[in-house]
Amino acid sequence: MDLRGLTTMSTTKKLVLVGNGMAGIRTIEHILKLAPHAYDITVFGAEPHPNYNRIMLSSVLAGGTSIEDIVINDWSWYEDNGIHVYPGDSVVQINTVRKEVVSQNGVHASYDELIMATGSQAFILPLPGANKEGVIGFRDIKDCETMMDASKKYRKAAVIGGGLLGLEAARGLLNLGMDVTVIHINGHLMDRNLDLPAGLMLQRELEEQGMKFLLNKHTEEITGKGRVKALRFTDQTVLETDLVVMAVGIRPQIELARNSGLDVNRGVIVDDYMRTNIPGISAVGECAEHRGIAYGLVAPLYEQGMVLAKRLAGAATDGYAGSVTSTKLKVSGVDVFSAGQFKDSPDTRSIRIQDDVDGVYKKMVIKDGQLIGAVLFGDTTDGASLFSLIKSGENISGREKEILLGVPSGGSGSGPSVAERMAAMPDDDIICGCNGVTKAAIGDAVLNKGCNTVGAIKSCTKASASCGGCKPIVESLLTYYAGDNVGEQTKEGICGCTTYDRDEIVAQIKEMGLKTVKEVMNVLGWDEPEGCSKCRPSLNYYLGMIWPTEYEDERVSKFTNERYHANIQKDGTYSVIPRIYGGVTSPAELIKIATVAEKYDVPMVKFTGGQRLDLLGVQKENLPKIWEELDMPSGFGYGKALRTVKTCVGNTFCRFGTQDSIEMGIRLEKKLDKMVAPAKVKLAVSGCPRNCAEATIKDLGVVAIDGAWELHVGGNAGVKVRTAELLCTVKTDAEVEEWTYAYLQYYRENAKWNERTAAWIERVGLDHVKEALADRDVRLALVERLEVTLGHTVDPWKEIIEDEKLRKNFTPLSGAEPVAH
Amino acid sequence: MSKFRIGHLADIDKKGARTFLVEDTEIAVFKLSDGSLHAVENRCPHKGGKLSEGMVCGTAVHCPLHDWKIDLRSGKVHEPDDGCLNTYKTEVDGDSGDIYITIAG
C-alpha cells in the first residue's frame, strides 16, 4: 500500500452497497459526482454480471439486443472508480453493532454507511409443482437465458400473469418461435394499468400477433415428472406446456434486512431521506418501502437514489416525497401508456376517445380540475406531456378537450405555458426513464455542451435513445434552454472534426493546392488530428477527384470493402464479383468461373441484381488467389464506383428492339470501368421503351426510342424509389456517350461524398444540371477531365496480386510462437 | 502469463492491422501513425465486428460494422457508446524488430 493510501484511510469513510443493481449503482454514481473521495466503496452483488439495465431485458428477449448491449456500468467502470466489487457473492449477514457484513464466500467488510439495494425477486406462486424444472420468473439475465435455451428444445410456453411483465415475456417467447399462451386471473389484460376498453384493444392486437389468452383462469397445479408438462386450472381444464414463466408480480427482497433487525413491512421501511430504523443503514430501490409504497419502476428508484446520494455526500436535499408513476409498454408495435389514477371513481370525471378503426383509445381522468390519470392506446405521443400535467397538478379546467385531442393550447389558455412548466420542473426529475437522464443533464447538454437539436442531446446524454417516449419533453426542454438558438442552423461541417462544408473544402484544396489528407486536415485546422471515419474517406475522394494524375489513393482512408476490393458480409467472409461487360459472358468464361468456385469450395454462386455473377462466402485469405485464377477484372461490386451497366437484348435478338442496347451497354461499361465516384453508380441500357433493363430507376438510364436515345438521370431503386428524370434525347451513339460521360463527371465534381445521384439531383435540381451541361464546350471539357482520370486507373485486383506488400494484409500473421520468459 | 513472438515490425502497415490466433482468441495488432503498436481482442464489444478491418484515426479504430469508435490504448469505447475490450501488452525488440505480445492468465 502506498503512503497516499494510508493517509486517506483515516479520513475516508467506508461505504458498503448490498446489491449491484440499477438503484444502488445509480446512487453510487451520484455520490461519486457529488463527493468523489468521500468513501471507500465496496459492492456485493448476487448476480455474476456488472450493473445492467433490467428494463431492457425484454428487448434482449424480443431479439436485436444482446446482453452486452444492456450493461450500464462495465467492469472497467468499477475499476476506474476504485470500487471493490464482489460479483456473484451475496451478503448473508449484517452485524449492525460491529458495523460489518459477511458474504456467502466469507468476505468480511466493515462499513460506516451501508446501503441496502437488494431489489426484488419474481413472485413465484406457491402452487403444487412450482419447483419443477421449466418453471421460472422473468427477472434477470439468467431467466432470459433459460427462456432462450428452452425455445431451442421446446415448443409450448405458458406465461402466468397478463400484466406488463407477463406480456413482455410472452412477446419475447413468441419472437423465439414458441407457441405462447398467457393465463390471467382477471377479465382483461394489464388491469392494473389499463381500463377495460384499452385492455380489450390490447388483447385484440396481441391475438393478431399470435399470442393466445386464457382469461379469468386460476392455476391450481403444475404437473409433470421432473419437468413441467401441463398446467391444471381450478375449473379442471388443462393446458399442455413445456415452460412456465411466472409473471404475477415482484416481491421486495427483504430477508437479509429482516434477519438483521431492520423494520420491514412489504419492503424495508425508510423515511423521506431513505434512512432505515438503524443508524448508518439506508435502503433504496425496489427493496425499500416509502410511505407504504414499494416501487417497481425505474424513475422513482432513481429519484430515491438521488436523495440518498445527496444525503450521504453531505449535500442539501428536500427529501423524497414519493412519485407518481407512468407505464409504457411498447412491444412489437403496440403502444400503451398509463399514468396516475386511471380508473373512474365517484369523485372523478373522465373524458375519452375510442376509435376502433385506427385502434386508438385515449382517456383522461380529472378530479377537482386537475388531471390525475390517463390511459393511451395506439398513439402514445401525448404520454409525456400528460404525465407532466399529472405531476405538476395544475388546473386544466376548460382545456380538457384540447389536451385530449392534442391541440396545443393557445395564448388565451389559463394554464401555465410549456416554458413555465419546464421551468417549474425540478432539476433532478428523470426525463428519460430508460436511460435515467435528468432534466439537469439535458440542461447541461444544451447550455454547456452545445447541443441544439434533439439528435445532439440524444447522442450526448442518451435521452430518448431507447423507447423514445420522452422525446416531446426533450423537445420542450430544448426550447426552454436554448431559446432562439433552436433550429437555427448552426454551421455544420462534413463531420464533427471540422466546421467546413463540402464546397468550402473542395474550394480550399484547389486554391491552396493541398495534396494529401493530412495536409488538408493540418491547414484547415481539423479538431481531430487524424480525422474520423466520415471525413477521411470524403477527403480521399475529393483529393483524387481534383488531382487525378498526382494524388496517390490513400488505402487507410477507405472503408473495409474498398480496401479489400470485396464486399464484407455479415459473417466476416467476402464476395467476389468479376467484371462481365454488359452482362454478356461466354461458355469459356463460365467454365473458368465454375472451376474456380469449385476449387475454393465457394458456398454460393449467385446472379446479382445487376446481371453479374457473385461468388459469396469467400475467406479473406483466398481472395487474391481467386482473383488470380479468375484472371478477370474487378467488377467493383464493393465500391463507390461504377457498378454495372445492365442491358436488355435489344435489336440483336428482340423483335421489339429498336437499337443495339447490348453494344451500347458494353461500350459504356468498358469506358467507365474503374471510375470511382462520390457513391456507387448504376447504369442500364434498354433497347425500346418497354424498358426491360429497368433503366428509369438507375443513376443513369439510356432508353432507345425509334431513331433516338433518351437519357434519364437520378433514378434509384433503393430504400426510397425515385424515378429517373429525362435529361435529354439524342440521335447518335456518339452523343449518348458525350452526354453520359459529361453528366457523370459533373456529378463526380459536384456531389458530396456518399451522395447518390438521386439525392444530389434532388438537392441541386434537374434544371441546374441541364443548364450546366447545355454548352457543348463545357461537355467536352468534362469528358476530357473524365478521360484523364480514367487514364490513371489500374485494376485493383491485379495490383494486389502483384504486390506482396499489399497482399500480406489478406493473411493472418503466420502464428504466434511462445517464448520462454 | 505467456509471451509470444507474433511477427516483425514490417509486417504491419501504419494505420493498419494484422491478426493472429492465440488459443481461441483472435487478436489484432495495430500500428498507429506514430509507429506504436497496440494489441486488442479482434471483436467489437457491440456486435463482434472485426476491428482489424476498421479505419484507424489517431489512437482509435472505427468498427467496420456500425462505426463504434474504440480507443486502442485503453480498449475503451468512445462516448456515447459504452464498452470495453481486452488489450494486450506489446513489445518490440529494438535490434531485430520482432514483435512480442504478453497474454495474462
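The values are calculated or read from the model by the stated rules, or taken from the named source; none is laboratory data. All values reported here derive from a predicted model rather than from experimental measurement. Quick reminder, even Gly has a Cβ in these numbers, built from the backbone with ideal geometry, and neighbours come from all protein chains shown. Ligands, DNA and RNA are stripped out before the accessible areas are found, and what is left, the full protein with its side chains, is counted by its heavy atoms. Shrake-Rupley method; radii C 1.70, N 1.55, O 1.52, S 1.80 Å.
Taken over region B:83-105, the criterion of being in contact with a helix residue (DSSP H, G or I) (Cβ under 9 Å, 6 or more places away or on another chain) and surrounded by 13 or more Cβ atoms within 10 Å (Cβ to Cβ) is satisfied by B:Gly83, B:Cys84, B:Leu85, B:Val92, B:Asp98, B:Ile99. Where strands (runs of 3 or more DSSP E) fall entirely within region A:178-260, those with at least 1 residues that are charged (D, E, K, R) are at A:179-183, A:212-214, A:219-223, A:230-233, A:238-240, A:250-252.
When each of A:Val788, A:Val794, A:Val783 is tested for being more than 18 Å from A:Asn622 (Cβ to Cβ), away from every other protein chain (no Cβ under 11 Å), open to solvent by 70 Å² or more (accessible area, probe 1.4 Å) and touching a residue at least 12 places away in the same chain (Cβ under 8 Å), the lone residue that passes is A:Val794. Scanning region A:128-138 for residues that are touching a strand residue (DSSP E or B) at 6+ places or on another chain (Cβ under 7 Å) and surrounded by fewer than 19 Cβ atoms within 10 Å (Cβ to Cβ) returns A:Pro128, A:Gly129, A:Ala130, A:Lys132, A:Glu133.
Yes/no matrix, rows are residues, columns are (1) free of Cβ contacts under 8 Å to residues at least 24 places away in the same chain; (2) within 32 Å of the chain's Cα centre (by Cα); (3) farther than 23 Å from A:Gly45 by Cα:
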{"site": "A:Ser66", "(1), (2), (3)": "yes, yes, no"}
{"site": "A:Ser76", "(1), (2), (3)": "yes, yes, no"}
{"site": "A:Val85", "(1), (2), (3)": "no, yes, no"}
{"site": "A:Val92", "(1), (2), (3)": "no, no, no"}
{"site": "A:Ile124", "(1), (2), (3)": "no, no, no"}
{"site": "A:Ile141", "(1), (2), (3)": "no, yes, no"}
{"site": "A:Glu168", "(1), (2), (3)": "no, yes, yes"}
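Of the listed requirements (1) in contact with a Lys or Arg (Cβ under 7 Å, 6 or more places away or on another chain); (2) under 20 Å from A:Pro812 (Cβ atoms); (3) within 14 Å of chain B (Cβ to nearest Cβ); (4) not acidic (Asp, Glu), A:Lys620 misses just one: (1).
Selection of region A:262-275 for residues being open to solvent by less than 20 Å² (accessible area, probe 1.4 Å) and assigned to a loop (DSSP other than H, G, I, E, B) yields A:Leu262, A:Gly267, A:Met274.
Under the condition of being within 7 Å of chain A (Cβ to nearest Cβ) and of a type in the set (Ser, Thr, Tyr), which residue from region B:1-48 is nearest to the chain's Cα centre (by Cα)? Filtering first and then ranking leaves B:Thr19.
Residue-by-condition table, conditions (1) open to solvent by less than 60 Å² (accessible area, probe 1.4 Å); (2) assigned to a strand (DSSP E or B):
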{"residue": "A:Lys625", "(1), (2)": "no, no"}
{"residue": "A:Glu629", "(1), (2)": "no, no"}
{"residue": "A:Tyr638", "(1), (2)": "yes, no"}
{"residue": "A:Lys646", "(1), (2)": "yes, yes"}
{"residue": "A:Gln659", "(1), (2)": "yes, no"}
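Filtered by the rule that a residue be within 14 Å of chain B (Cβ to nearest Cβ) and either more than 37 Å from the chain's Cα centre (by Cα) or modelled with pLDDT under 90 (or both), region A:571-609 gives A:Asp571, A:Gly572, A:Thr573.
For (1) small (Gly, Ala, Ser); (2) modelled with pLDDT of 85 or more, each residue gets a yes or a no:
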{"position": "A:Lys471", "(1), (2)": "no, no"}
{"position": "A:Leu477", "(1), (2)": "no, yes"}
{"position": "A:Glu488", "(1), (2)": "no, no"}
{"position": "A:Gly513", "(1), (2)": "yes, yes"}
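Filtering region A:541-565 to residues that are part of a loop (DSSP other than H, G, I, E, B) and either of a type in the set (D, E, K, R) or more than 11 Å from chain B (Cβ to nearest Cβ) (or both) leaves A:Trp547, A:Pro548, A:Thr549, A:Glu550, A:Tyr551, A:Glu552, A:Asp553, A:Glu554, A:Lys558, A:His565. B:Ile70 meets the conditions (1) part of a loop (DSSP other than H, G, I, E, B); (2) within 26 Å of A:Thr573 (Cα to Cα); (3) more than 9 Å from chain A (Cβ to nearest Cβ) in every case but one. The failed one is (1). I'd like to check something: does region B:56-64 contain any residue that is at pLDDT below 90, out of contact with any His (no Cβ under 8 Å at 6 or more places or on another chain) and facing chain A (nearest Cβ under 7 Å)? Yes, some residue in region B:56-64 is at pLDDT below 90, out of contact with any His (no Cβ under 8 Å at 6 or more places or on another chain) and facing chain A (nearest Cβ under 7 Å).
Being part of a loop (DSSP other than H, G, I, E, B) and within 13 Å of another protein chain (Cβ to nearest Cβ) is the filter; apply it to region A:64-95 and report the residue that is farthest from A:Asp112 (Cα to Cα). Per the stated criteria, the residue is A:Gly64. The set of residues in region B:20-36 being open to solvent by 20 Å² or more (accessible area, probe 1.4 Å), under 17 Å from B:Lys89 (Cβ atoms) and not in a loop (DSSP other than H, G, I, E, B) consists of B:Thr25, B:Lys31. Inside region A:304-330, can you point out the residues that are assigned to a helix (DSSP H, G or I) and open to solvent by less than 40 Å² (accessible area, probe 1.4 Å)? A:Gln304, A:Gly305, A:Met306, A:Val307, A:Leu308, A:Ala309, A:Leu312, A:Ala313 - these are the residues of region A:304-330 that are assigned to a helix (DSSP H, G or I) and open to solvent by less than 40 Å² (accessible area, probe 1.4 Å). If a residue must be more than 14 Å from chain B (Cβ to nearest Cβ) and in a helix (DSSP H, G or I), how many such residues does region A:521-540 contain? Total satisfying the criteria: 1. The single condition among (1) under 30 Å from A:Gln508 (Cα atoms); (2) within 14 Å of chain B (Cβ to nearest Cβ) that A:Ile568 does not meet is (1).
Would a scan of region A:120-143 turn up a residue that is in contact with a Leu (Cβ under 7 Å, 6 or more places away or on another chain) and under 21 Å from A:Leu239 (Cα atoms)? There is at least one residue in region A:120-143 that is in contact with a Leu (Cβ under 7 Å, 6 or more places away or on another chain) and under 21 Å from A:Leu239 (Cα atoms). The single condition from (1) farther than 26 Å from A:Leu57 by Cβ; (2) touching a strand residue (DSSP E or B) at 6+ places or on another chain (Cβ under 6 Å) that A:Ala299 fails is (1). Would you be able to say whether some residue in region A:802-810 is in contact with a strand residue (DSSP E or B) (Cβ under 6 Å, 6 or more places away or on another chain) and away from every other protein chain (no Cβ under 14 Å)? Taking every residue of region A:802-810 in turn, none turns out to be in contact with a strand residue (DSSP E or B) (Cβ under 6 Å, 6 or more places away or on another chain) and away from every other protein chain (no Cβ under 14 Å). For A:Ala816, indicate whether it is facing chain B (nearest Cβ under 10 Å) and open to solvent by less than 40 Å² (accessible area, probe 1.4 Å). In short, yes. Of the listed requirements (1) under 19 Å from A:Leu786 (Cα atoms); (2) crowded, with 21+ Cβ neighbours inside 10 Å, A:Ser686 misses just one: (1). Being touching a residue at least 40 places away in the same chain (Cβ under 8 Å) and of a type in the set (A, V, I, L, M) holds for only one residue in A:Val602, A:Val576, A:Val556, A:Val596, and it is A:Val576. Among the residues of region A:200-211 satisfying the criterion of being in contact with a helix residue (DSSP H, G or I) (Cβ under 9 Å, 6 or more places away or on another chain) and farther than 20 Å from A:Val375 by Cβ, which is least open to solvent (accessible area, probe 1.4 Å)? Looking at the filtered set, the residue picked out is A:Met211.
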